[in-house]
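Right, one structure below, let's go through it.
The values are calculated or read from the model by the stated rules, or taken from the named source; none is laboratory data. The shown structure was predicted, so the numbers you read here are calculated from the model rather than taken from an experiment. Glycine also receives a Cβ, built like all others from the backbone with ideal geometry; neighbour counts cover every protein chain displayed. These area figures cover heavy atoms from the full protein model, side chains too; ligands, DNA and RNA do not enter into them. Shrake-Rupley method; radii C 1.70, N 1.55, O 1.52, S 1.80 Å.
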Amino acid sequence: MRIRITVLPGDGIGPEVITEAVCVLEAVARVFKHEINFTFKEIGGCAIRQHNDPLPEGTLTACLEADAVLLGAVGDPEFDNYPTHLRPEAGLLRLRRGLGAFANLRPARLFDSLAGASPLKSEVIKGTDILIVRELLGGLYFGEPRHVSDVNGTREGINTMRYSEPEIERIARVAFDLARSRRRKVTSVDKANVLECSRLWRETVTRVAQDYPDVKLEHQYVDSCAMALVARPASFDVMLAENMFGDILSDEAGAVVGSLGLLASASIGGPVGLYEPVHGSAPDIAGKGIANPLGAILSAAMLLRFSFQLDNEAAAVETAVEKILSAGHRTRDLASGDQQFVTTEEMGKHVTDYIERIG
Ligand code: NAD
């Protein structure tokens with residue numbers, strides 16, 4: 001197969017983890033006899049520095065012309081006081097909208113060998129295997145009006161949580177369809193006791209559920225869900241959430257399974273899929289060679305599966321990650337106490353070598 005991937009390394013640890021994900025894809029191409037062409041473009045802070053725009057036109061065009069997009073992370077404290085449209089994160093939001101990627105899939109599965117890396121007791125986390133389905137193009141991150149303004153001499157900030165019924169329905173269908181290939185349970189997250197927007201969310205999800213009588217639906221308020229996620233994480237199967245609730249809960253899920261650095265994501269629904277680790281640019285560890293590249297590598301596996309239906313290739317990457325972790329290799333975020341840890345590059349090489357060995 002011939003595959004064209006636009007790669008957006010981005011800021012902070014983005015380029016470090018993406019280098020390893022690209023090496024893994026190159027190994028997959030060698031072993032499974034595919035041809036992968038990579039085009040590298042800027043997004044985020046590095047794009048602001050070079051083009052005064054967090055998503056230059058050339059970047060969006062290259063993404064729309066590719067078969068899939070692989071992204072590292074955006075974010076740089078240097079731009080913290082810039083206006084909203086000139087911040088790195090604005091580039092990512094525009095990219096997601098430009099690609100029409102409304103469904104963000106974030107698996108959080110416990111690798112057995114990492115039970116000790118979670119802050120929770122092993123009997124609590126045993127069997128945790130959650131798929132968070134997060135709506136990605138609506139809610140507070142996109143709603144209008146949004147601004148900070150002066151009202152009678154006092155500054156006031158406004159954001160808007162807004163969802164239409166069709167927007168809720170299409171993401172709910174993604175969650176129910178995916179539940180059918182898993183344990184057939186959807187937990188829909190909202191705050192329907194307080195928010196009108198959430199009441200519409202709950203009503204719409206309940207209506208969509210009637211088309212999926214074989215899937216069990218439960219509703220949960222976001223605050224109680226946050227608690228249940230640490231108290232009984234293994235009880236969740238598919239978790240369906242609007243944009244901000246899903247963003248927050250997936251970081252929490254990262255800690256439950258051992259580290260945010262492990263979590264991968266796929267953003268689908270438009271003509272070109274976008275694949276990126278869940279974590280941000282981690283400026284606190286950028287440049288130190290200690291970032292965990294497995295979230296980016298597992299995002300590359302999702303790319304192979306969702307954009308190209310290359311299930312064997314995706315499984316090879318996932319198996320490699322599982323075996324490398326079982327063999328005891330740990331990046332710093334996964335190491336406990338004075339346990340030895342490997343660098344970003346060494347972890348990537350372990351995965352690449354494993355894939356080459358099965359070839
Ligand atoms: P973050 O995800 O960058 O980091 C949170 C914590 O997790 C930090 O302690 C960091 O060191 C650690 N961490 C994250 N990824 C890791 C990895 N791969 N290996 C080891 N440790 C890892 O979140 P933050 O600190 O809140 O945000 C930093 C910047 O990233 C901000 O500018 C924010 O806007 C941006 N951000 C971007 C994205 C994205 O690009 N998708 C997502 C979240 C945050």
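Assorted remarks:
- Residue check, Asp251 charged (D, E, K, R) and in a loop (DSSP other than H, G, I, E, B): no
- Unique residue being within 12 Å of the ligand (Cβ to nearest atom) and either outside the structural domain of Ala62 (by TED's automatic domain parsing) or in a helix (DSSP H, G or I) (or both) when the list is Ile290, Ile297, Ile285, Ile324: Ile297
- Filter pass, Gly44 being farther than 22 Å from Val321 by Cα, touching a strand residue (DSSP E or B) at 6+ places or on another chain (Cβ under 6 Å), at pLDDT 95 or above and open to solvent by less than 10 Å² (accessible area, probe 1.4 Å): yes
- Just one residue in the set Val174, Val194 is within 15 Å of His219 (Cα to Cα) and either among the β-branched types (Val, Ile, Thr) or assigned to a loop (DSSP other than H, G, I, E, B) (or both); that residue is Val194.
- Verdict on Arg305 being assigned to a loop (DSSP other than H, G, I, E, B) and at negative phi: no
- Meets criteria (under 18 Å from Leu136 (Cβ atoms) and either more than 16 Å from the ligand (Cβ to nearest atom) or of a type outside the set (Val, Ile, Thr) (or both)) for Asn243: yes
- The combined condition, being under 27 Å from Val205 (Cα atoms) and in the same structural domain as Val133 (by TED's automatic domain parsing), is not fulfilled by Phe306.
- Within the range 245-266, the presence of at least one residue that is over 25 Å from Gly116 (Cα atoms), in contact (Cβ under 8 Å) with a residue 24 or more places away in the chain and not assigned by TED's automatic domain parsing to the domain that holds Gly138 is confirmed.
Results for (1) within 13 Å of the ligand (Cβ to nearest atom); (2) closer than 22 Å to Leu294 by Cα; (3) in contact with a helix residue (DSSP H, G or I) (Cβ under 6 Å, 6 or more places away or on another chain), shown as yes or no for each residue.
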residue	(1), (2), (3)
Leu8	yes, yes, no
Cys23	no, yes, yes
Glu57	no, no, no
Thr61	no, no, no
Pro77	yes, no, no
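- Residue match in the range 9-17 (condition: open to solvent by 60 Å² or more (accessible area, probe 1.4 Å) and of a type in the set (Asp, Glu)): no
- Count - residues of the range 107-142 that are open to solvent by less than 10 Å² (accessible area, probe 1.4 Å) and at pLDDT 95 or above: 11
- Filter result for Thr319 (crowded, with 16+ Cβ neighbours inside 10 Å and either β-branched (Val, Ile, Thr) or in contact with a Gly (Cβ under 6 Å, 6 or more places away or on another chain) (or both)): no
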